[in-house]
Amino acid sequence: MPQPVAPAARPPALPRELNRKIGLALHDYAMIEAGDRLLIAVSGGIDSLALAAVLSWWRRKAPITFELAAITIDHGYWRRTGTENPAFAIEGQLRPWGLALRQETAWGEPGAAQSCFHCARDRRSQLFTIARDNGHTAICFGHHRDDLIDTFFLNLLYGGNVSTMRPKQILFDGRLKLLRPLAYLSKAEVCTIGRLWALRPQPNLCPHADDSRRQTAREIVAAIERFQPDARLAVFSAMKNVRADYLP
């Protein structure tokens, strides 16, 4: 188990509007309670790195006490490409925020080619098991507003249902929460945080990274935006304003 690390000097403050949106998401969904033990899933992308930094930032000023731990699941793709284990670079960026990094080998054969669905399912199951075995009350993901919108279209077009990821989800009779504190931020705003705090995203070495239905959904939303620039905001508002009486 990684040992806690002392945080470095106070980083630059978040822009007021971004800080307000994060606080609003935390408040609207009552995400964090006193005594929570949060497990942050860190892939090395800018979204999860920003999430880890944001939660560390909020912990310093929060009126309640809660614990943070960071974990990365190693799928072994770096071995096949002859590159350095990205966990080293991730850990180096988390330490100034007072976070140690736990690294776990992914279930199944490292680096094995499989569908995105099965990979994501196995990763979530592994995180659930680790959270349960170590007494964590919540798992935190770096999904942002654009991810929720893309997932809505993904499920609509390929799953035949109207749904998306929720900013807060309760599982296992209340024993575990799934939290997405960046749910009110756009991808561009998450990248703004990354630049402000000099976070360095690691390359996605998955061979299926650019060949998935999720990527197709992103391209469809981007195409809609070319005709209607405010489409993302309209869709996000619509997801919170479902008129079930007017659906078949």
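The values are calculated or read from the model by the stated rules, or taken from the named source; none is laboratory data. Bear in mind the structure is a predicted one, so any value in this text is a computation, not a measurement. Using ideal geometry, Cβ is built from the backbone for each residue, glycine included, and neighbour counts are taken over all protein chains shown.
Observations on the structure shown:
- Looking only at segment 56-88, and only at residues there that are among the hydroxyl-bearing types (Ser, Thr, Tyr), modelled with pLDDT under 95 and in a helix (DSSP H, G or I), the one that is nearest to residue 188 (Cα to Cα): 77
- Of everything in segment 1-33 that is at pLDDT 95 or above and β-branched (Val, Ile, Thr), the residue that is nearest to residue 131 (Cα to Cα) is 32.
- Looking across segment 60-87 at every residue that is under 21 Å from residue 136 (Cβ atoms) and of a type in the set (Asp, Glu), the one that is surrounded by the most Cβ atoms within 10 Å (Cβ to Cβ) is identified as 74.
- Restricting segment 208-219 to residues that are surrounded by 13 or more Cβ atoms within 10 Å (Cβ to Cβ) and farther than 27 Å from residue 54 by Cβ leaves a set whose member that is modelled with the highest pLDDT is 216.
- Scan segment 200-248 for residues that are hydrophobic (A, V, I, L, M, F, W, C), under 20 Å from the mean Cα position of the chain (by Cα) and not in a helix (DSSP H, G or I) and the total you get is 3.
- Here residue 53 meets each of (1) outside any helix (DSSP H, G or I); (2) buried (at least 18 other Cβ atoms within 10 Å of the Cβ) with one exception, condition (1).
- When segment 34-51 is filtered for residues that are within 25 Å of residue 134 (Cβ to Cβ) and aliphatic (A, V, I, L, M), the ones remaining, listed by number, are 34, 38, 39, 40, 41, 42, 49, 50, 51.
- Residue in segment 14-27 that is in a loop (DSSP other than H, G, I, E, B) and either free of Cβ contacts under 8 Å to residues at least 60 places away in the same chain or surrounded by 15 or more Cβ atoms within 10 Å (Cβ to Cβ) (or both) present: yes
- The number of residues in segment 34-43 that are modelled with pLDDT of 95 or more and part of a loop (DSSP other than H, G, I, E, B) comes to 4.
- Taken over segment 230-242, the criterion of being surrounded by 10 or more Cβ atoms within 10 Å (Cβ to Cβ), under 16 Å from residue 187 (Cα atoms) and not hydrophobic (A, V, I, L, M, F, W, C) is satisfied by 232 alone.
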